[in-house]
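Chemist: Just dropping this structure here.
What follows is calculated from the coordinates using simple rules that are stated; it is not laboratory data. Since we're looking at a predicted model, the values are computed, not measured. Here Cβ is always computed from backbone atoms with ideal geometry, including for glycine, and neighbour counts include all displayed protein chains.
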Amino acid sequence: MLANSHDIAVLAGDGIGPEVMEATLELLRAVEQKHGISLAFTATRAGAFCYKETGTDLSDEAFERAARADAILLGAMGWPGIRRADGTEIAPQITLRQRLDLYAGVRPIRAIPGTPAVLAHPRAKEIDFVILRESTEGLFFSKDQGIVSADWAEETLRLTRRTTERLARTAFRLAAHRAAQRGRPGRVTLVDKANVFRAFAFMREVFAPIAAEHPDIAYDQHYVDAMALDLVRRPWAFDVLPMENMFGDILSDLGAGLIGGMGFAPSADLGDTHGLFQPSHGTAPDIAGQGVANPTACMLSAAMMLEWLAMKGGGQRLLDAATDIREAVDHAFAEGLRTPDIGGGAGTVAATRAVISALRRRPG
């Protein structure tokens, strides 16, 4: 028997976006069949090439379609040669974050069993932390509003109490959830630059009383420059890392580098009512159309989507399906799957087949 259908807006985007999206939808169809769930996919066009051809990167119709959906699944968007008149790249995913108030950018960084270790340390296989990027404010607050003159340019960083409080509560909920899953105490480490900027001192002030409400979760702070160092020296020591928008943009790429690259880094942008799920990587113009893109990050983003839908009342089947996707990915790589980004020869289609095969061989 199928559960109620869930409406998914699909924005494949540009470059390798359509390639990894096709792979992910194929996997989700296999998951539907195995777990008795129903997902209704509606393709919605947006992105750089849409902008080039129509003059808009995200039409009102496309936005409304995404806003009505139960969840949004996005491939990748943007293209280096397609820019606005002010020189900035096309990024409708940022517009969606801001317009839908998707303030919590959840970016898991987890070493996948069987993949080659990036760090030459015996504990590298233990890497499992989450960067929690505030995705609507910070330095991105002034997107499209910066002031540029002949002699100077200015952007504005803004943090509000309301959004910072919501980010803090999300961080402690996430740490508690991970603690229950992993059977060990949770930790929240606020990443900031409070020794220099008043805005980050304000951020610490907002976090402190919320941390006090969660005595079972350890809490500390780390300056962003020191965190960049420690994510290379001892990434296994961290759990949930909330931070400002730009810091999260940068450190999530560093984190992806610790586990094999952007092809293994999923993400979710969550608000109080909407959720958008996409791989952390970009459109990769250098490999687009060659059939070699690693679809793993998009697949793991889809698992995050199913888990989020389950937590929104979708039921246990969705939660089981999310777990099944993650474990199928782990098993496929543990069994020898190697994509080109980690020195292997399994392109997008071969990687997809390997993960689906692992999924079908797993107990129902």
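Chemist: Region 189-248: percent of C-alpha pairs farther apart than 19 Å?
Modeler: Within region 189-248, distances greater than 19 Å cover 29 percent of Cα pairs.
Chemist: Identify, among G248, A179, W236, the residue whose Cα sits farthest towards the positive end of the charge dipole of region 117-259, taking +1 on the Cβ of Lys and Arg and -1 on the Cβ of Asp and Glu, with the dipole about the Cα centre.
Modeler: Going by the charge dipole, the pick is A179.
Chemist: Quick one: what does P(r) look like for region 34-182 with 5 Å bins over all Cα pairs, in whole %?
Modeler: 2, 7, 12, 13, 15, 17, 15, 11, 6, 2, 1, 0, 0
Chemist: Just the number, please: Stokes-Einstein D of the chain in µm²/s, Kirkwood Rh from C-alpha pairs, 37 °C, 0.692 mPa s.
Modeler: D = 157 µm²/s.
Chemist: Report the semi-axes of the equivalent ellipsoid for region 117-259 in whole Å, largest first, where each axis is √(5λ) for an eigenvalue λ of the Cα gyration tensor.
Modeler: 28, 20, 12
Chemist: Which FRET efficiency value, to the nearest 0.05, is calculated for S357 and L319 with the Förster distance at 22 angstrom and r the Cβ-Cβ distance?
Modeler: With R0 = 22 Å, the Cβ-Cβ based efficiency is 0.45.
Chemist: Next up: Based on DSSP H runs of at least 4 residues, each adding -39500 (n - 2.57), what is the mean residue ellipticity at 222 nm of the chain after dividing by all its residues, to the nearest 500 deg cm²/dmol?
Modeler: -13500 deg cm²/dmol
Chemist: Find the eigenvalues of the gyration tensor of the Cα atoms of region 18-104, then list the square roots of 5 times those eigenvalues as equivalent ellipsoid semi-axes, largest first, in whole angstrom.
Modeler: Square roots of five times the eigenvalues give 27, 15, 11 Å.
Chemist: Just how far, in whole angstrom, is region 172-201 from region 97-152 if you go by their alpha carbon centroids?
Modeler: That distance is 14 Å.
Chemist: Say R0 is 45 Å: what FRET efficiency, to the nearest 0.05, do R182 and D286 get from their beta-carbon distance?
Modeler: 0.75
Chemist: Report the relative contact order of region 117-259, percent, no decimals, based on alpha-carbon pairs under 8 angstrom and at least 6 residues apart.
Modeler: 39 percent
Chemist: I want to check the label-to-label distance for E327 and A226. Put each point 7 Å from Cα in the C-beta direction and report it in nm to one decimal.
Modeler: That separation, rounded to one decimal, is 4.0 nm.
Chemist: Where a ≥ b ≥ c are the square roots of the eigenvalues of the C-alpha gyration tensor, would you call region 179-329 rounded, which needs a/c under 1.5, or, failing that, prolate if a/b is larger than b/c, or oblate?
Modeler: oblate
Chemist: Still on this structure: Where in region 151-185 is the amide nitrogen less than 13 Å from a point lying 7 Å along the Cα-to-Cβ axis of D86?
Modeler: 153-156
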